Amino acid sequence: MIGFRNVSKDRTRRRVRRLAGVGMALPLAVTALLGGGAGPAAASPGNGPTAIVSMGDSYISGEAGRWKGNSLTNSGSRTGTDRAWISGSTYDPSKVYGTTAGGCDRSDAAEVLSAGAVAAVAVNLACSGAVSDNVFRASNGGVPFKGEAPQADQLAAVAAADDVKVIALSIGGNDLGFADIIKECAYDFVLWNSYCYDDQQAGVDQKIDGVMAKVGKSVDEIRAVMRGAGYADSSYRIVLQSYPSPIPRGAENRYTQSDWSRLNTGGCPFWNRDSDWARDSLVPQIANGIKAVAAAKGVQFLDLRDMMQGREVCAKASTQVTATSAASAKTSEWARWIDNNASQGLVQESMHPNYFGQLAVGRCLALAVAQPANASSGCKNTPGGDQSGMYLSPAS
């Protein structure tokens, strides 16, 4: 069985409970230096190798980087989509996530690695499931997560060893409860034959101001660490980014909502009305809040709300991978479907940018770094293109 797929309606209630594990696991590590080694331990700012650092949650840690599109084939290489496959029925997630497999899930295609030659060293401190409290310094309310120190405290060690030039931050989604929103909307499609947008919008409205205050504090914590390490604010940049939508608008979904194809085949069990709300209300509301924080804190804003337009799970403009349609960044979906039975990898990978999506976000980051340090840009894809077709436009 693949997630909800190929299940009869009378068995769906039991199996949908597995959705509770669909964490937008929005991912942390002590010194996970990816893409290069650390500089001299006692180096002063500017004396070690240049470094780019990612901090925050699963959307930047690399969650779902194991997958190159989605395939209904449930064995072997899953039609070439499973990058952890070795042979037969043998899989090794550490090929993709290293020692963080099943935890922070920092993939080998994570944004700071896919950005290319932005700096000599790429350091991924982000962790699947992290909230803002996991970013703050321990001395200022920070909380360890998954056996690791708060990310700001980890940053202090990196800042002392390397010459940090860019810090990319993705945070706030887990504070807002994005995973629970997805879970409840899927429940309403599968179990209750009702919409989720009205109740969920009320909850978002109650939380959003508090969440954005914590996003702002996360930026302040990073600034404090860097100043403490001897960095002038102008010597590096913080790129604060929003989230892409993993599902399309109702009219852009290739599966009808009048039967169970969205559940059994597509892995996108949401009503059109809820899909439209998520794509055109929820994701923009979060993005606009993060944009306001970036402006208030004087940092760069990278808007990803439209990054996966046409490449989302179940989008008409993309296809699943089959024996006759190979995995390709030009045709495959760029997000991981909901696989609630965990028969293909872990449930926490659901609804995150996959390998192709991460290559694209990495390109977005590289383009953003080429802009002024106080720029505000949106990143979009070129229909039918791969990550090389990503481009920036003024943020919405």
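The values are calculated or read from the model by the stated rules, or taken from the named source; none is laboratory data. The shown structure was predicted, so the numbers you read here are calculated from the model rather than taken from an experiment. In this analysis, Cβ positions are derived from the backbone assuming ideal geometry, glycine residues included, and neighbour counts consider all displayed protein chains. Calculation scope for accessible area: heavy atoms of the full protein, side chains included, ligands and nucleic acids excluded. Shrake-Rupley method; radii C 1.70, N 1.55, O 1.52, S 1.80 Å.
Counting only C-alpha contacts under 8 Å and six or more residues apart, can you give the relative contact order of the stretch 231-330 as a whole percent? Write down the numbers at each step before the final one.
Numbers: 126 pairs, mean separation 42.5, N = 100.
With pairs under 8 Å counted, the relative contact order is 42 percent.
Only bridges with both residues in the chain count here: give the DSSP antiparallel percent, nearest 5.
Working: 12 of 34 bridges.
Taking every DSSP beta bridge within the chain, about 35 percent pair in antiparallel fashion.
Any idea of the accessible area per residue across the chain, 1.4 Å probe, to the nearest Å²? Could you put the intermediate results ahead of the total?
Details: 13640 Å² over 396 residues.
With the other protein chains kept in place, the chain gives 34 Å² per residue.
Once you put a point 7 Å from the Cα of ALA317 and another 7 Å from the Cα of ALA295, both along the Cβ direction, what distance in nm separates them?
2.7 nm
Answer rounded, prolate or oblate for the stretch 110-177, using the Cα gyration tensor with square roots of eigenvalues a ≥ b ≥ c: rounded when a/c is under 1.5, else prolate when a/b is larger than b/c, else oblate. Mind showing how you got there, number by number?
Numbers: a/c = 2.37, a/b = 1.39, b/c = 1.70.
It is oblate, given that a/c is not under 1.5 and a/b is not larger than b/c.
Using the crude model of +1 on Lys and Arg Cβ and -1 on Asp and Glu Cβ, and no other charge, please compute the dipole size for the chain relative to its Cα centre, in debye to 20. It would help to have the intermediate numbers written out before the result.
Numbers: 38 positive and 36 negative charges, 146 e Å.
That gives the chain a dipole magnitude of about 700 debye.
Note down the nm distance, to one decimal, between modelled labels 7 Å out along Cα→Cβ at THR256 and at ASP198.
Going by the 7 Å Cα→Cβ label model, 2.7 nm.
Which length gain, in nm to one decimal place, applies between GLN206 and SER396 when the Cα-Cα distance is subtracted from 0.36 nm times their residue separation?
On the way: separation 190, 0.36 × 190 = 68.40 nm, distance 2.36 nm.
Gain in length upon complete extension: 66.0 nm.
Tell me what the chain gives for mean residue ellipticity at 222 nm when only DSSP H runs of n ≥ 4 count, each as -39,500 (n - 2.57), the sum divided by the residue total, rounded to 500 deg cm²/dmol.
-8500 deg cm²/dmol
Ranked highest first by the average count of other Cβ atoms within 10 Å around their residues, in what order do 49-60, 213-224 fall? List each step's numbers first, then the result.
Details: 49-60: 28.0, 213-224: 20.6.
Descending packing order for the listed peptides: 49-60, 213-224.
Lysine pairs, Cα distance under 16 Å, 8 or more residues apart or cross-chain: how many in the chain?
Taking the chain as the scope, the lysine pair count is 9.
Leaving ligands, DNA and RNA out of it, report the carbon-plus-sulfur percent of the accessible area of the chain at a 1.4 Å probe.
Percent of accessible area from carbon and sulfur atoms in the chain: 52.
If we sort 348-358, 291-301 on the protection proxy, mean other Cβ atoms within 10 Å, highest first, what's the order?
The most tightly packed comes first, giving 348-358, 291-301.
Compute the Rg/Rh shape ratio of the chain: radius of gyration over Kirkwood radius, all on alpha-carbon atoms. If you can, show how the numbers build up before the last one.
Numbers: Rg = 19.8 Å, Rh = 20.7 Å.
With Rg and the Kirkwood Rh in hand, the quotient comes to 0.96.
Tell me which of ALA101, SER87, GLN348 sits at the most positive position along the dipole axis of the chain, charges placed on C-beta atoms (Lys, Arg +1; Asp, Glu -1).
SER87
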